[in-house]
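Each value in this text was obtained by applying a stated rule to the coordinates, not by laboratory testing. In this text the structure is predicted, and so the values were computed from the model without any measurement. When we count neighbours, we look across all protein chains shown, and the Cβ atoms used for this are built from the backbone with ideal geometry, even at glycine.
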Amino acid sequence: MLKAVGELGEYIITEEELSPEEIFSQKNKLSKIQKVVCVVFDEKDNNLEYSGVHSEKYDSTKSDKYLYRIFNHRRYDLTPTARMASVEKVKKRWELWFGEYSKNYSNDKLIKSLREEFDKNKDEIFEDISKQFDELDKKEKKNTILTIKIKDNEEKYVGDFKIFRDIFREEAKKKFFTRKYGKEIESKGLGKCNLCEEECEVYGFASPFSIFTVDKRGFAPNFSQTDSWKQLPICERCALSLVAGREFIDTNLSKNFYGYKFYIIPHFTFNDINKNVIGEIKESGSIKYAKILLSSEEEIVDTIQDNKDIISLIFVFYKQKQGDYFDILKYVEDVPPSWINALFTTFEDVKTESIFKEEYLRQIFSEKWVNDFNEASFNGKNVWRKTPNLSSLIRTFFPASKRSGVYDKYFIDIIGDILAQIPINRNFLIKSFLKELRDKHANNEKFSETIISLQSLYLLIFLYKLNLIKGGVNIEEKTSINTSEPAKIKEFFKNHETAFNSYSKRAVFLEGVLAKYLMDIQYAQRKSAPFRSKLYGLKLDERKMRKLLPQIIEKLREYKKAYSNLEQLTSEYLLKTEENGWDISKDEISYYFTLGLNLGGIFKGKGDENE
């Protein structure tokens with residue numbers, strides 16, 4: 001990751017001819033700023049005099065003029081440019097800057113004169129700042145910075161003065177080799193840079209990412225935090241490239257993701273960074289080429305596809321901590337754009353499966369259902385707040401809620417494994433499906449239970465199509481079924497053979513369909529479905545399946561109903577399962593039975609009873 005970020009940064013520095021001050025400016029932290037409150041000092045006879053305060057519109061092209069960067073200790077900033085959460089808070093930051101910090105540069109005439117004039121007029125200055133701040137609207141107040149200007153024929157910003165540029169550059173550079181662990185320590189020495197491999201002075205804290213920690217001496221090389229440079233030595237030139245690269249990905253390639261964040265970092269083959277790709281990323285301002293997985297829009301940038309042979313992608317999922325520190329939750333590298341494209345096209349292909357089309361969904365939910373699964377409404381209301389995508393589908397089964405629990409780690413792991421083309425554990429996935437299905441079943445939330453059944457089947461088919469689930473056999477390789485399958489059932493199994501690829505899956509699914517038919521009859525006649533209590537809370541196994549089938553048929557006869565073909569087909573699939581051996585777990589038995597219970601309406605036509 002560091003190499004890819006460094007290469008990006010080096011390209012940006014060269015292409016945009018960035019100075020160290022521009023590199024160190026934290027432009028991304030000012031991306032939402034709307035207003036700049038300026039404290040103006042007039043230069044007269046080589047001295048400064050306080051002139052007044054005004055506000056102006058923020059100009060992102062002046063980042064090298066504002067020179068904004070926060071110190072690691074976060075008590076104040078490298079220059080007088082500071083964000084304004086409130087007048088009281090920014091007053092404390094300025095008092096610290098003009099007090100203890102500016103004394104380090106008291107030999108400079110400009111800094112000395114500025115500090116003296118600030119001390120003399122501090123109360124008036126902050127009264128004027130308050131007046132300007134009060135005139136801003138609510139949104140502007142949340143997105144304002146405070147800075148100074150010095151007027152000598154024309155108004156100049158801090159970045160126009162050499163002393164401020166020197167302060168900014170040298171203080172920012174200290175971050176590469178200084179840390180405070182009780183006391184401030186330095187970590188630098190002569191060695192080989194980890195990135196460019198040049199022998200030169202290298203620093204111990206130059207990585208912009210918290211890849212390792214030496215907060216405790218026991219974690220440091222030779223138990224000495226000053227030797228941290230030996231663990232990840234980085235030279236000044238590469239350190240600057242990393243800062244520029246980090247700024248670029250924070251601005252263009254970082255996205256919020258279900259309470260977390262992630263980077264998508266393009267890595268160019270043979271270090272040949274493509275100008276068109278960088279331009280496309282800057283222009284789009286977002287990560288369009290991964291939206292199939294991580295957004296509600298489903299599109300892939302043509303530029304990435306056109307250059308797929310020269311790019312691989314690095315995905316970094318992380319949790320932001322204080323300052324520049326974060327915990328990396330999942331790291332996936334060498335993801336080809338062709339795989340992202342495969343995820344997109346496969347997700348779209350699953351939408352075309354018959355079970356997710358309006359015709360079939362109306363048979364399941366009634367005529368109140370309108371449109372296909374991913375664009376649906378029911379009874380005049382949208383089924384989805386946002387159009388479903390792969391990440392939202394996975395989140396359904398690995399939620400973060402008081403009711404279901406917090407499964408963030410599993411969620412991120414599943415996303416990462418899909419990106420890395422690592423097969424998903426089938427039993428683990430089915431168990432997660434059942435957790436949500438049983439919860440809805442126990443609370444008698446029939447509509448939600450059916451929706452979740454469809455979502456689980458969608459995800460299952462998607463993963464099977466991409467060979468990301470291992471297990472199961474091709475049913476055509478085994479002895480054929482003697483009973484004539486009803487056309488709808490035969491078509492269903494043919495269309496979804498990846499998910500129904502064994503006799504046992506089909507047997508328990510059809511048994512679930514029969515159970516649904518029985519409970520539908522009970523509800524039609526009694527306005528209740530007492531047989532529901534016989535389903536063991538959807539915790540089923542082989543023995544219970546053998547026991548349930550004759551009970552279902554017996555109950556149907558009590559209501560003078562019969563589904564002869566379906567009953568015989570279910571029995572024969574069950575017999576074939578016994579002959580060949582049960583090849584699915586207890587959880588899979590429960591899951592496929594539940595699918596039949598919730599989706600069986602697609603097979604039922606008028607007058608099917610006593611067929």
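Here the relative contact order of the chain, from alpha carbon pairs under 8 Å that lie six or more residues apart, stands at 10 percent.
Using a Förster distance of 51 angstrom, determine the FRET efficiency expected from the C-beta separation of K92 and D583, and round it to 0.05. Using R0 = 51 Å, I get an efficiency of 0.15. In straight-distance terms, cross-link reach from K527 covers every one of the aspartates and glutamates whose alpha-carbon lies under 18 Å from its own, apart from those fewer than eight places away in the same chain; here that gives E445, E558.
Ranked by the mean number of other Cβ atoms within 10 Å of their residues, highest first, the peptides 411-422, 339-350, 99-110, 365-376 come out as 411-422, 339-350, 365-376, 99-110. Put simply, when 499-512, 186-199 are sorted by average Cβ atoms within 10 angstrom per residue, most first, you get 499-512, 186-199. Proximity of backbone amide H atoms, modeled 1.01 Å from N, is registered between R83 and L146 at under 5 Å, excluding neighbours fewer than 5 places apart on the same chain. Distant-in-sequence amide contacts of F41, defined by a placed amide H-H separation under 5 Å and a gap of 5 or more residues or a different chain, comprise S51, K149, I150, K151. Backbone phi angles across region 412-423, fed through the Karplus curve with coefficients 6.51, -1.76 and 1.60 (θ = phi - 60°), yield HN-Hα couplings of 5, 4, 5, 4, x, 5, 5, 4, 7, 6, 9, x Hz in residue order; Gly and Pro are listed as x.
Taking a ≥ b ≥ c as the square roots of the eigenvalues of the Cα gyration tensor, an a/c ratio below 1.5 marks region 32-165 as rounded. The value of relative contact order for region 395-456, using C-alpha pairs under 8 Å at least six residues apart, is 24 percent. Once the C-beta distance of I328 and Y105 is scaled by a Förster radius of 30 Å, the resulting FRET efficiency is 0.20 to the nearest 0.05. Per residue, the average separation of C-alpha pairs within less than 8 Å and at least 6 apart gives region 32-165 a relative contact order of 39 percent.
The peptide list 533-543, 454-464, put in order of mean Cβ contacts within 10 Å with the highest first, becomes 454-464, 533-543. Rounded to the nearest Hz, the phi-derived 3J(HN,Hα) couplings of region 397-402 under the Karplus curve 6.51 cos²θ - 1.76 cosθ + 1.60 (θ = phi - 60°) are 9, 9, x, 10, 8, 5, where x marks glycine and proline. Taking H placed 1.01 Å from N in the peptide plane, check which residues at least 5 places from S55 or on another chain put their amide H under 5 Å from its amide H. Sorted by chain and number, the residues that satisfy this are C38.
Straight-line cross-link reach from K555 at under 14 Å between alpha-carbon atoms covers these aspartates and glutamates, not counting any fewer than eight positions away in the same chain: E511, D520, E567, E609.
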